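Notes for the one structure printed next.
The values are calculated or read from the model by the stated rules, or taken from the named source; none is laboratory data. Predicted, not measured: the structure shown is a model, and the values here were computed from it. Please note: Cβ atoms are built from the backbone with ideal geometry, for glycine as well, and neighbour counts cover all protein chains shown.
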Amino acid sequence: MGLGSLFKRKDKQPSKQEPTIEFDAELKANLDQNLETLEIMLEKPNDLVIRPFSLGSQDHRCAVVYIDGLVDKQEINNNILKNLQYYAEEQELPTNSHALLDEIESDLVSIGDVSKGKTLDELSFALLYGSAILYVDGVDQALMFDLKGWEMRAIEEPVTESLIRGPREGFIENLRTNMILIRRHIRDPNLRFKTYQIGRRSKKNLVVTYIEGVIHPDIVKEVNRRLKTIDLDDAPESGYVEEWIEDSFLSPFPQLANTERPDRVATSLLQGKIAIMLDGTPFVLVAPVTLGNMLQSPEDYYERWLIGTFLRFLRYGGAFLAMFLPSLYIALVSYNPGLIPAKLAFSIAATREGVPFPAAIEAFIMAFTMELLREAGARLPKTIGQTIGIVGGLVIGDAAVQAGIVSPIMVIVVAVTAIASFAIPSYSATISFRLIRFGFMLAASFLGLYGVILVYIMINIHIVNLKSIGVPYSSPFAPSFFHDWKDLVLRTPVTMRTRRPAYMQTVDKKSRNKEKS
Amino acid sequence: MKTFEYADDQISDKEIMIATPSVVIGVSVLSLPRTLTSPTNGMDGVIALGVAGLFVIALTWLVAKLAVQFPHENFYSYASSLIPKPAASMFTMLFAVYGLLTTAYETRVIADVAEQYLFTRTPFGVIALTFLLVVIYAVSGSRAGLFRLHMMFFPFIVLIILTLVLFTSGLFDPDNLFPVLTTGAGNQWPAFIGSTFSFMGFAPLLFYTSLVKKPRNVPKKAAIGMSIAVTLYMVIAVMSIGAFGNLTAGNLQYPTVELAKDVEIPGGFFERFETVFFVIWIMTIFNTTIMFLDMAVFAMNQLFTKISKMQLIFICSPFIYMAGMIPKNNEDVDALGTFISMYGFTVVILIVALFFIARKWKRGKKQ
């Protein structure tokens with residue numbers, strides 16, 4: 001085994017969620033004792049609010065507990081405290097504490113989401129997830145009011161995927177809002193949201209969305225199986241989930257797409273795909289994806305089909321340039337200069353006059369600088385970001401040529417490559433293309449064109465063996481589904497695309513019934 | 001509800017249809033016009049090629065027909081149901097050797113041609129080694145993956161041949177094709193044999209038919225696939241003879257590559273098309289090689305069930321490399337090629353004849 005086992009998917013054991021301190025204890029019937037346990041457990045943080053009060057003529061001792069900032073205070077004041085105190089004055093309350101608790105739950109408070117909790121674990125989770133808890137002395141239960149009300153960002157235009165034409169709203173960090181954004185696109189009763197809890201300690205909610213009756217059931221099953229194996233302390237971003245459930249962690253290609261756009265998720269769901277939303281991040285995962293999906297943008301569908309098709313062609317060209325251009329430059333200049341038309345070859349040779357490095361070194365220097373610039377630009381505060389562009393692009397580029405370190409043609413090659421790579425709509429795909437480019441450059445510097453084609457073949461070998469949640473990454477190219485080619489490189493008119501992608505093997509094949517209309 | 005159907009050990013008959021020409025088209029096309037023209041006059045070699053083509057299409061159909069009789073059964077198991085077990089093992093082994101030898105040969109030719117047209121300084125040992133390593137990487141993947149590779153690369157192959165034909169049509173001189181029908185049957189014979197050998201590549205059908213999901217249509221699809229190859233060969237042969245004339249075509253080592261040399265693409269962007277042609281052609285040769293190496297591994301796996309596929313690959317690959325390095329010069333390489341084709345051809349013919357007879361005989365015995 002040894003090395004072999006590295007390439008196999010690791011067998012994941014079901015997660016054992018064991019909190020270090022056992023708080024599974026049942027509640028006691030004594031209020032003071034309950035409050036004390038809670039305080040000990042949380043070690044009296046100063047955002048923990050305990051508001052004791054007594055009710056009615058029998059002086060039932062009660063307490064409302066919540067975490068300041070996680071809940072909507074207005075609601076607690078108006079719908080719990082005010083109600084209770086008001087009714088305690090107005091009407092006779094039952095003497096039995098259990099009856100009182102039931103009375104409060106059913107009649108007295110005006111809150112939608114109320115449930116009863118018995119264990120400390122249950123209560124503490126609810127408390128830390130934006131619930132207010134009402135204890136009544138003498139009962140070994142407590143009421144939990146779901147009153148989440150924390151500060152959140154407004155719905156804004158997605159930053160990473162900007163479109164010229166298309167909906168302007170993007171996902172935000174709040175899971176509930178994100179679910180609603182999807183619901184607003186698809187009003188199908190078969191739209192399913194399945195909730196999981198991720199993270200031993202963070203206990204974050206993760207929601208899996210799909211349309212029952214469209215998606216192939218095996219995909220749901222497989223995603224469920226993989227999600228259940230997740231064993232992490234916390235998943236701060238959906239990238240953690242992606243890396244945990246992807247098919248091959250050795251692959252440079254993203255096997256799950258991520259997006260900030262609800263419209264894109266909705267379209268994918270209707271194609272029989274599954275979406276995974278994690279609380280706390282605006283990036284929603286979409287799976288399964290294939291190679292073709294990386295080069296598709298929602299805007300292809302929003303503009304008319306001729307424009308959409310043209311843009312696709314442009315992007316395929318861009319992807320080709322992003323991967324091959326520097327390596328072709330290296331291969332042609334250092335191994336096969338004869339392939340370049342004579343005049344161009346002369347001008348390249350003339351510009352390379354005085355450059356001290358061979359083409360390969362020159363290309364690596366420039367490609368590295370380019371990556372550095374891009375990375376620095378991404379990390380810098382937005383206001384200074386433009387400076388990097390000017391300093392890097394103009395000053396360094398120009399000075400390097402002036403100083404004779406690199407040839408002007410190399411600067412052109414690198415610049416075109418960079419621009420081409422930014423034309424790829426998916427950012428994760430862009431990164432993998434840029435990564436592969438270095439492989440090509442390396443091969444080109446040792447074996448010229450022959451090396452380039454060998455690496456190209458190797459990438460193809462990798463792609464045909466790669467899968468995304470069980471769906472071959474190379475489909476619908478191979479295995480071929482000719483019907484799907486209508487929406488691959490071409491983007492045929494919407495009236496012609498009457499079926500969902502065949503490679504997804506959807507239950508409901510037709511997206512439109514021609515006979516009816 | 002049917003289960004998700006991407007089982008990795010199954011392929012469709014459509015994939016067989018593409019894989020057949022993709023396996024056949026390989027090294028032999030590069031020298032095909034020479035094989036045809038050196039013994040014949042005018043374009044008579046093309047007639048031999050056509051006859052050989054028809055013969056090979058029929059043979060492909062027969063081979064596939066034979067394999068289809070035993071759906072989802074691997075070669076060794078149906079062979080041993082027809083002929084005695086030792087004989088079945090021997091034939092399986094013969095196919096394994098055939099696959100390994102072909103791999104060695106193709107690797108060698110790649111290195112030779114690359115040295116001639118792409119590099120001058122890089123030692124061909126290195127070129128052969130890198131190619132072989134990539135082939136091994138491909139074969140270590142899934143079998144269905146290999147067929148997907150065929151599907152991915154085949155369009156490039158057709159495209160490059162069409163480009164070749166389109167852009168050399170200016171050189172085409174109909175006078176070069178004449179005189180017609182002046183070659184005697186005795187001289188047509190070597191051309192016929194040569195073209196038959198250049199179509200070698202239907203042996204894998206015996207093995208891979210067992211992987212096809214619905215094998216009923218495999219003979220038809222394989223025959224269609226083979227006719228694609230025959231058509232492309234005919235086009236290349238006619239174009240080369242038309243462009244160079246019989247004499248020149250008969251004396252060039254790789255006339256097809258020379259034909260590519262004469263391509264002039266308007267706009268003057270590709271100065272030397274033959275390099276591009278050859279670079280794409282690497283994919284074609286690669287396709288042939290993976291199929292044969294995998295066939296060898298597949299065959300051996302059926303005999304030695306205890307050894308894993310990866311182990312088999314690692315055991316065989318040094319021998320493949322060494323075998324590829326043995327031939328000293330072009331003549332030796334050609335001789336090796338001819339020997340392998342003859343060997344493969346004999347084994348396939350023998351198997352087909354033997355199996356059909358055995359089947360008839362067994363049926364007769366039952367009745």
> Only one of (1) away from every other protein chain (no Cβ under 13 Å); (2) surrounded by 22 or more Cβ atoms within 10 Å (Cβ to Cβ); (3) not acidic (Asp, Glu) is not met by A:SER468, so which one is it?
Replying inline: (1)
> Does A:PHE310 satisfy the criteria of being within 14 Å of another protein chain (Cβ to nearest Cβ), under 45 Å from the mean Cα position of the chain (by Cα) and under 30 Å from A:SER297 (Cβ atoms)?
Replying inline: no
> Of the conditions (1) more than 10 Å from every other protein chain (Cβ to nearest Cβ); (2) assigned to a helix (DSSP H, G or I), A:ILE457 fails just one. Which one is it?
Replying inline: (1)
>> Looking only at region B:122-172, filter to residues that are among the aromatic types (Phe, Trp, Tyr) and facing another protein chain (nearest Cβ under 8 Å); which one of those is nearest to B:SER210 (Cα to Cα)?
In response: B:PHE147
>> Here are the criteria: (1) within 12 Å of another protein chain (Cβ to nearest Cβ); (2) part of a helix (DSSP H, G or I); (3) farther than 26 Å from B:SER210 by Cα; (4) touching a helix residue (DSSP H, G or I) at 6+ places or on another chain (Cβ under 8 Å). Tell me which single one B:PHE119 does not satisfy.
In response: (2)
>> Give me the helices (runs of 4 or more DSSP H) completely within region B:255-367, filtered to those with at least 2 residues that are among the aromatic types (Phe, Trp, Tyr), ordered by residue number.
In response: B:273-303, B:309-325, B:330-366
>> Could you check region B:168-207 and list, in sequence order, the residues that are aromatic (Phe, Trp, Tyr) and at pLDDT 85 or above?
In response: B:TRP189, B:PHE192, B:PHE197, B:PHE199, B:PHE207
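Tally time: how many residues in region A:478-502 are within 14 Å of chain B (Cβ to nearest Cβ) and modelled with pLDDT under 85?
Selection size over region A:478-502: 6.
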> Restricted to region B:150-206, and to residues that are farther than 22 Å from B:GLY242 by Cβ and of a type in the set (Gly, Ala, Ser), which residue is farthest from the chain's Cα centre (by Cα)?
Replying inline: B:GLY184
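Could we say that B:ARG108 is of a type outside the set (Val, Ile, Thr), at negative phi and outside any helix (DSSP H, G or I) here? So that I can check it myself, show each step before the final result.
On the way: of a type outside the set (Val, Ile, Thr): yes; at negative phi: yes; outside any helix (DSSP H, G or I): no.
No; evaluated as a whole, the condition is false for this residue.
So that you can scan it fast, the table gives a plain yes or no per residue for (1) in the same structural domain as A:GLU260 (by TED's automatic domain parsing); (2) touching a residue at least 24 places away in the same chain (Cβ under 8 Å); (3) at positive phi:
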site	(1), (2), (3)
A:ARG153	no, no, no
A:GLU156	no, no, no
A:GLU161	no, yes, no
A:GLU169	no, yes, no
A:ASP188	yes, no, no
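Could you go through region A:397-404 and let me know if any residue there is under 27 Å from the mean Cα position of the chain (by Cα) and within 24 Å of A:MET323 (Cα to Cα).
No: zero hits.
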> In region A:284-294, what residues are in contact (Cβ under 8 Å) with a residue 40 or more places away in the chain and either part of a strand (DSSP E or B) or surrounded by 24 or more Cβ atoms within 10 Å (Cβ to Cβ) (or both)?
Replying inline: A:VAL284, A:LEU285, A:ALA287, A:PRO288, A:VAL289, A:THR290
> Does region A:225-262 hold any residues that are assigned to a helix (DSSP H, G or I) and under 17 Å from the mean Cα position of the chain (by Cα), and which are they?
Replying inline: A:ARG226, A:LEU227, A:SER238, A:GLY239, A:TYR240, A:VAL241, A:GLU242, A:GLU243, A:TRP244, A:ILE245, A:PRO262
> Does region A:331-357 hold any residues that are in a loop (DSSP other than H, G, I, E, B) and either within 14 Å of chain B (Cβ to nearest Cβ) or closer than 14 Å to A:ALA443 by Cα (or both), and which are they?
Replying inline: A:TYR335, A:ASN336, A:ILE340, A:PRO341
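So that you can scan it fast, the table gives a plain yes or no per residue for (1) small (Gly, Ala, Ser); (2) over 22 Å from A:ASN30 (Cβ atoms); (3) in contact (Cβ under 8 Å) with a residue 60 or more places away in the chain:
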| residue | (1), (2), (3) |
| --- | --- |
| A:GLU92 | no, yes, no |
| A:LEU101 | no, no, no |
| A:SER106 | yes, yes, no |
| A:ILE111 | no, yes, no |
| A:LEU128 | no, yes, yes |
| A:TYR135 | no, no, yes |
